[in-house]
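Taking it in order: structure first as structure tokens, then the write-up.
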């Protein structure tokens, strides 16, 4: 028998993980089911930030501070590695977004719509 | 400190950095002198051959090469590892992409606007560089970065064509790639959370230690990895991007997408599956069986979809789905014969499929025909192209003396070794299905009568330039040579398999 | 119908992920597996080894500088890709 | 405890923003909500002691991404 | 018993025609005449090379050669190995091929796309000999597939709608057969660890996999041999090909399937095992059905070449029946029937070609009085037909006699009845043609001049007809001696 | 956007934003921030400037010619700094061992290649942001070249 109180407690403790997972699913949902292309791009961004949040949370240490060293001061720092990685990740995400948006602009120019299903219909009627 | 010594010590990283540097130079060069871009791209490949030659010599004499970037040893810095598997991929990628590039130098001037040519070569070099990076990297996050580079550049080389299907296909591919890389990054996070390492080897050791504490984490990570890589490699249920992308893209892009890009993800997946995840995990979840089922579905449905296609490039794209199924079949069999077959099929299919796409491109270049039904009687007008296509078709079906036969043979023996006769039947059935959609084209081309003889004009056939025919001839000869003497590539593959298992 | 299927699918993903969350290492616990020798060396050695006070800078620009090179490449690619797309049509 | 409540509020906002981005039919509003989402995310990262990302998120996530999105809808259309 | 000697000849007879294909291909740009000469010379040299193995083979030697290693650890080594059985098949193939090539020069001179025909013909010769001289099943399989695929070009040579349709059926069935064969070879390798023809009785334990292997082989080789349920491609494909190609398809290439089955029954499995498990009964039953069905359907066909094609199915049934009975006489009969049928059917098909070329008629009912216009051709046709029916002094009689003896030895007189019935039916469909040709009233032939076909065509026709005649019940009968030696080898298990 | 107030404000604000951007870039190794955030701030300031006045004038400030060169140079600069490591007999992208000037921790000019890379990348990111924005917003007719 699963101890629901315990599970709830664990979930509360791992609140950041929980929220990032929920955001991931929301982003995933937006990306896959919305037919609007810009919404898809936003959904992708939400999904990415969710993953980033998850990743950075893994490096958090209770009572630690940001890893900017003040020489001579002894204190606990958080794990700097995930932060550094996600810094890279954010830039990658924005690059993908930019490229995707340039595609969106061109799609709109060609098809006159931003609706994925509409585009499918146009393509199927033509061919 | 001579030049030779530098190459000898740093060829691993120089291989990738040279691609990056050449592509960084390209846009500047393009403004200065447009026609040099193709030469630059070829030069980058030639340089890569030097590095890969050095690497293969070193791998064969000294064994696995470890390269620590920035001089930081693995758990802290990024590490590149060139083992037999990576070497195998490097050789495959460099050879095939070089031939595609040579073909492209003529074909692209026809398919693209002149002002995007320089940008195309930039994207192409980055794609090749990223694939090579994926082959050698030994670090989770570095892998993610290379995956993103490969994804964006692959989308870029689709969308450069001024065709509205291209943009749409490219967008679809980009979105699904984003899903794929997102899943991969999330699973990297899950593994990092419990392992604390990003280096494959260290992560594997750490995960092995904690596997009994956090089994679910690893399982979910594995599932996400699988989803991510299956999307990227276009295995059956998640293949939706593949048929659109290569069928609308310029032919060299289609060739490299179908021939190489989907393979490299397969290899990375293979590496992770066997090297990083602990073996006892596979008792909890029948991972290999699931891969086998997916690959069987992929083989079957890929072939079925391919039969009903009318557009030649679209048909080839669907055929790729079936063929990637073979590679996954080899992975799922998890014995040395099957794995050898799978890896061999990566190499063979890279050659066959690029050849088929290039010959389709050559047909489109010379005649403008895309529909399969319109290809009647074209064989005698363009013998080199249709000859190459015929060899490719025979290799796809698995006629002996072509390389496709050898890999299918290994896979078939692998299924028997694993005592899974059902998949043997799948292989045989799909060979038959392949025959159903490849042979009619060849037959029509050589023996079919051109229908519009009365009244309408004959099909106008342009002369095929030398730079387009030579890659086709080389690839065709390669298919035959590696069908008769497969041991030259098996030397590497067998050692790679030995190392993996 | 498709909507329901999608929702069921997403609910399954969500359930699996949330179930995993409950079994993850506790958030912020200093004893977590991530806090091993890797960050330790970064924090203790960064100033001396790389000369940067900001450990994150020392990681992205030195320890794992190749990632950043890749990231610069991605940015470069975004521009090249966007330009190629926009110029081509 | 205050910190925890602040965290919870922020995370709640995140979810609310994410859902409303998905639900809003007007694209410009959606983008503005997304900018707000990014700003909250920046604060969350400050809470996680990651000031580098906080600054980057504020500049890139809220700034550049929103700018690009707005540029796109100015070239295309506002309604879904 | 002779010894094993290394000889380059087996490789030569295979690779020489294949390489000459290239030469022919390049020469034809210069002159068509040179191409024709080169083709004939190639086939003659090949025949001589095959014949040159005779002294060693007759001593009982086995010639082997290892060309290259494809995948050594899988027994996939490209070996060549000629024993007496292989020699029999190789000899008859290269002989008939030679005649067919000579025949082609005149026959094809009015056809289109000769530049495609000759290289294909010669390449197929190489591939076909490759099957017979292969030393392991992988090599055999490679040549088998090569021959099947390349001969597709021969089948669709006419490029008519009908030919393309038949060709499509042919290629599809061939691929299925090839895949089944591949399955068999792979299974054999899996079970026995070797596929070399040096071994006998590779599989001697009954299991599901072993049975699957057996069935796969039956499908793979039976497809080629035109065995009953798998014969569907044959009556379509053989008639549409040009006459020399039909002669080869019917006379020689069907035999590759029979040869493969010999190898399967005596090398992969062995007699005791197959009899013990009763698996061989499958083949026997199918062979009986094949004989009866082939002969019966042939009666209903009025297209000359189609009738001959169905007759081929029936005749292949004899070979299959003989090899599945496993008595000495039956096997002798089967092997000798391979020889006989090659002569007879080769002769019949090229006669048919000559008739069609001359008159443009394919319907057997319209051939009245043709015997007077084309006496030599029709006499040859008559000889071969009578041999088919099994009239005593001719070679067809000798093979049927031995088959019947074998059936009686095996204590199964039922099969003798089958043989008799089928002979009767053979008579039913061959005799009317002959009678009509010589005694029937002349219809619609006024415009045809009363001279026979050109010399080169006649030469082949006559040589084959003479072979039917002299290799019957005559004291000097080389094919019969060879068949006897091959039978001794098979029965003695000394392969 | 022909609003006078917006123009006045942005004319005053933009230089400050740019200075702040440079500050963030240059102090990347000492304080939070670095090339990417600083570059983005710098780029955003230029976009703000362009929006406040008009697009043509903004475009003149940073032509495509220049931006491409900055792009390529920024990325190439990084790779070349990496090659310095190889030149000095170390591995690719080596910093301290390759003999870059390390300085005292905490100084503005310290930590060797990090400062150099950050500077190059910061400019590159700024130009990337601007170029991306322009390429998306530009009207079809007067695109490029």
Item checked: Failed item, numbered, when residue E:492 is tested on (1) at pLDDT 85 or above; (2) under 30 Å from residue E:269 (Cα atoms) -> (1)
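When you scan segment E:360-451 for helices (runs of 4 or more DSSP H) that lie fully inside it, which ones turn up with 1 or more residues that are touching a helix residue (DSSP H, G or I) at 6+ places or on another chain (Cβ under 9 Å) and modelled with pLDDT of 85 or more? Walk me through it before giving the result.
Values: elements: E:370-373, E:375-389, E:395-409, E:413-439.
Because the criterion is at least 1 residues that are touching a helix residue (DSSP H, G or I) at 6+ places or on another chain (Cβ under 9 Å) and modelled with pLDDT of 85 or more, the helices (runs of 4 or more DSSP H) in segment E:360-451 that meet it are E:375-389, E:395-409, E:413-439.
Could you please find all residues in segment B:409-427 being free of Cβ contacts under 8 Å to residues at least 12 places away in the same chain and in a helix (DSSP H, G or I)? Steps first, answer last, please.
If we filter segment B:409-427 for residues that are free of Cβ contacts under 8 Å to residues at least 12 places away in the same chain, which is where we start, we get B:416, B:419, B:421, B:425.
Of everything in segment B:409-427, those that are free of Cβ contacts under 8 Å to residues at least 12 places away in the same chain and in a helix (DSSP H, G or I) turn out to be B:416, B:421, B:425.
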Check: So which residues in segment B:273-308 are surrounded by 15 or more Cβ atoms within 10 Å (Cβ to Cβ) and not in a helix (DSSP H, G or I), if there are any at all?
Finding: B:276, B:277, B:278
Next item on the list: Within segment E:269-314, count every residue that is closer than 30 Å to residue E:363 by Cβ and in contact with a helix residue (DSSP H, G or I) (Cβ under 8 Å, 6 or more places away or on another chain).
Entry: 25
Item checked: Considering residues of segment B:155-176 that are crowded, with 24+ Cβ neighbours inside 10 Å and within 11 Å of residue B:232 (Cα to Cα) only, the residue nearest to the other protein chains (Cβ to nearest Cβ) -> B:174
Check: Any chance segment E:212-226 includes a residue that's under 13 Å from the mean Cα position of the chain (by Cα), in a loop (DSSP other than H, G, I, E, B) and touching a residue at least 12 places away in the same chain (Cβ under 8 Å)?
Finding: yes
Note to self: I'd like the residue in segment B:1-17 that is more than 9 Å from chain F (Cβ to nearest Cβ) and surrounded by fewer than 22 Cβ atoms within 10 Å (Cβ to Cβ) and, out of all such residues, is farthest from the chain's Cα centre (by Cα).
What the structure shows: B:2
Next item on the list: Please go through segment D:71-80 and pick out each residue that is more than 9 Å from chain F (Cβ to nearest Cβ) and either buried (at least 24 other Cβ atoms within 10 Å of the Cβ) or part of a helix (DSSP H, G or I) (or both).
Entry: D:73
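For segment D:47-60, indicate whether the set of residues that are surrounded by fewer than 18 Cβ atoms within 10 Å (Cβ to Cβ), in contact with a helix residue (DSSP H, G or I) (Cβ under 7 Å, 6 or more places away or on another chain) and at pLDDT 85 or above is non-empty.
The initial filter retains those residues of segment D:47-60 that are surrounded by fewer than 18 Cβ atoms within 10 Å (Cβ to Cβ), namely D:47.
Filter again for in contact with a helix residue (DSSP H, G or I) (Cβ under 7 Å, 6 or more places away or on another chain), leaving D:47.
Keeping just the survivors that are at pLDDT 85 or above gives D:47.
Yes - at least one qualifying residue is present in segment D:47-60.
Condition check: crowded, with 16+ Cβ neighbours inside 10 Å, farther than 28 Å from residue E:338 by Cα and modelled with pLDDT of 85 or more. Does residue E:38 satisfy that? It would help to see each step written out before you state the result.
Working: crowded, with 16+ Cβ neighbours inside 10 Å: yes; farther than 28 Å from residue E:338 by Cα: yes; modelled with pLDDT of 85 or more: yes.
Criteria met by residue E:38.
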Next item on the list: Mind listing whichever residues of segment D:3-50 are within 27 Å of residue F:32 (Cα to Cα) and either in contact with a strand residue (DSSP E or B) (Cβ under 8 Å, 6 or more places away or on another chain) or part of a loop (DSSP other than H, G, I, E, B) (or both)?
Entry: D:48, D:49, D:50
Check: Which condition number does residue C:38 fail, the rest of (1) part of a helix (DSSP H, G or I); (2) within 7 Å of another protein chain (Cβ to nearest Cβ); (3) modelled with pLDDT under 85 being met?
Finding: (3)
Notebook entry, point to check: Within segment B:317-343, how many residues turn out to be more than 14 Å from residue B:431 (Cα to Cα) and under 14 Å from the mean Cα position of the chain (by Cα)?
Noted result: 5
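Can you list the helices (runs of 4 or more DSSP H) found entirely within segment A:1-110 that contain at least 1 residues being more than 9 Å from chain C (Cβ to nearest Cβ) and touching a residue at least 12 places away in the same chain (Cβ under 8 Å)?
On the way: elements: A:4-13, A:15-33, A:37-58.
Result: A:15-33, A:37-58.
Regarding residue B:230, is this residue under 27 Å from residue B:119 (Cβ atoms), within 21 Å of the chain's Cα centre (by Cα) and at pLDDT 90 or above? Give the steps one after another, and end with the answer.
Numbers: under 27 Å from residue B:119 (Cβ atoms): no; within 21 Å of the chain's Cα centre (by Cα): yes; at pLDDT 90 or above: yes.
No, not satisfied.
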Note to self: Out of everything in segment C:15-46 that is in contact with a helix residue (DSSP H, G or I) (Cβ under 8 Å, 6 or more places away or on another chain) and closer than 17 Å to residue F:114 by Cα, what residue ends up being surrounded by the fewest Cβ atoms within 10 Å (Cβ to Cβ)?
What the structure shows: C:43
Notebook entry, point to check: Among the numbered criteria (1) surrounded by fewer than 20 Cβ atoms within 10 Å (Cβ to Cβ); (2) free of Cβ contacts under 8 Å to residues at least 60 places away in the same chain; (3) facing chain C (nearest Cβ under 9 Å), which single criterion is violated by residue F:97?
Noted result: (3)
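Run down B:398, B:392, B:342 and say which single residue is buried (at least 24 other Cβ atoms within 10 Å of the Cβ) and modelled with pLDDT under 90. Show your work before the answer.
Working: B:392 fails: modelled with pLDDT under 90; B:342 fails: modelled with pLDDT under 90.
Unique residue meeting the criteria: B:398.
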Notebook entry, point to check: Restricting attention to segment C:67-86, does a residue exist that is in a helix (DSSP H, G or I), in contact with a strand residue (DSSP E or B) (Cβ under 9 Å, 6 or more places away or on another chain), crowded, with 24+ Cβ neighbours inside 10 Å and modelled with pLDDT of 85 or more?
Noted result: yes
Item checked: Residue, farthest from the other protein chains (Cβ to nearest Cβ), within segment E:159-201, restricted to residues that are buried (at least 20 other Cβ atoms within 10 Å of the Cβ) and assigned to a loop (DSSP other than H, G, I, E, B) -> E:197
Check: Quick one: is residue E:124 in a helix (DSSP H, G or I), out of contact with any helix residue (DSSP H, G or I) (no Cβ under 7 Å at 6 or more places or on another chain), in contact (Cβ under 8 Å) with a residue 12 or more places away in the chain and surrounded by 24 or more Cβ atoms within 10 Å (Cβ to Cβ)?
Finding: no
Notebook entry, point to check: From the list E:140, E:63, which residue is in contact with a strand residue (DSSP E or B) (Cβ under 6 Å, 6 or more places away or on another chain) and not in a helix (DSSP H, G or I)?
Noted result: E:63
Notebook entry, point to check: Of the residues E:336, E:349, E:343, E:381, which is over 27 Å from residue E:229 (Cβ atoms), within 13 Å of the chain's Cα centre (by Cα) and surrounded by 24 or more Cβ atoms within 10 Å (Cβ to Cβ)?
Noted result: E:343
Margin query: If I go through segment F:15-44 residue by residue, how many of them are surrounded by fewer than 24 Cβ atoms within 10 Å (Cβ to Cβ) and more than 8 Å from every other protein chain (Cβ to nearest Cβ)?
Written below: 10
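Inside segment C:47-66, can you point out the residues that are surrounded by fewer than 24 Cβ atoms within 10 Å (Cβ to Cβ) and at the interface with another protein chain (Cβ under 7 Å from one of its Cβ atoms)? Give the steps one after another, and end with the answer.
So in segment C:47-66, the residues surrounded by fewer than 24 Cβ atoms within 10 Å (Cβ to Cβ) come out as C:47-49, C:53.
Within segment C:47-66, C:47, C:49, C:53 meet the criteria.
Against the definition (modelled with pLDDT of 85 or more, more than 21 Å from the chain's Cα centre (by Cα) and at the interface with chain A (Cβ under 10 Å from one of its Cβ atoms)), how does residue B:198 come out, yes or no? Quick ask: steps written out before the conclusion?
Details: modelled with pLDDT of 85 or more: yes; more than 21 Å from the chain's Cα centre (by Cα): yes; at the interface with chain A (Cβ under 10 Å from one of its Cβ atoms): yes.
Here the answer is yes, as residue B:198 does meet what is asked.
The values are calculated or read from the model by the stated rules, or taken from the named source; none is laboratory data. All of these numbers come straight from a predicted model, not from anything done at the bench. Because the Cβ atoms are built from the backbone with ideal geometry, glycine has one as well, and the counts that use them run over all protein chains shown.
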